[in-house]
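The next block holds one structure in the form of structure tokens; read it before the comments.
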Amino acid sequence: MKRNKPIFENPFTALKTWARINSPWVLHFNSGSCNGCDIEILATLTPRYDLERFGIKLQGSPRHADVLLSTGAVTRQARDRLLRIYEQMHEPKFVVAIGACAISGGVFAGCYNVMNGIDKVIPVHAYIPGCPPRPEAIIDGVVKLLSSLKGPVAEEAIQVTSNGRETEAGL
């Protein structure tokens, strides 16, 4: 009889992954923009859209944050600050570029002091397009980022029962 491999080799690793997915702390950084995306991020945190229902909490310190929500085109002045904040975050760290300016420089692309998108300075894991993106798009992008953290190991844990419903096995 073939024995199934354990879903997670180490129970502590499984616990850390579960906590990281179900309760991420985010940090917001504006690298220089028109503040349209910033207003939408703040609207996402209000009770109307309630980002906290997914366990997501806004954090003021990069040392405590798991996800960096970054808006605006990166200027030469903001480049060093963005790098310093990114380096202060603990591993694993994830970056979400929100808005057209954060993705490609937007209307500020080609200016003498703009380095275009955030991915020119730090690695980006998720892109949320729009000028500005709606709160629903921001929520969708962050939730998709978190669901991608489950990876193929967690996807193996889902089995289909005889009645066609998906259940989690071994968790």
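Odds and ends about this structure:
- Meets criteria (in a loop (DSSP other than H, G, I, E, B), closer than 22 Å to residue 132 by Cα, of a type outside the set (A, V, I, L, M) and at pLDDT 85 or above) for residue 111: yes
- Boolean, residue 67 is touching a Phe, Trp or Tyr at 6+ places or on another chain (Cβ under 9 Å) and surrounded by 13 or more Cβ atoms within 10 Å (Cβ to Cβ): yes
- Residue satisfying condition, being over 16 Å from residue 31 (Cα atoms) and in contact (Cβ under 8 Å) with a residue 40 or more places away in the chain, within set 85, 118, 122, 139: 139
- For the stretch 36-75, taking the residues that are assigned to a loop (DSSP other than H, G, I, E, B) and among the polar types (S, T, N, Q), the one that is nearest to residue 19 (Cα to Cα) is identified as 59.
- Among the residues of the stretch 7-35, those identified as in a helix (DSSP H, G or I), of a type in the set (Val, Ile, Thr) and within 17 Å of the chain's Cα centre (by Cα) are 17, 21.
- Qualifying residue in the stretch 45-53 (condition: touching an Asp or Glu at 6+ places or on another chain (Cβ under 8 Å), without any contact (Cβ under 8 Å) to a residue 60 or more places away in the chain and either crowded, with 19+ Cβ neighbours inside 10 Å or over 16 Å from residue 123 (Cβ atoms) (or both)): yes
- The stretch 130-144: number of residues that are within 16 Å of residue 102 (Cβ to Cβ), among the hydrophobic types (A, V, I, L, M, F, W, C) and assigned to a helix (DSSP H, G or I): 3
- Look at the stretch 89-104: where a residue is in a loop (DSSP other than H, G, I, E, B) and a partner is among the aliphatic types (A, V, I, L, M), sitting 6+ places away or on another chain with Cβ atoms under 7 Å, you get 89/65; 89/68; 93/68.
The values are calculated or read from the model by the stated rules, or taken from the named source; none is laboratory data. What you see is a predicted model; the values in this text were computed from it and never measured. Glycine also receives a Cβ, built like all others from the backbone with ideal geometry; neighbour counts cover every protein chain displayed.
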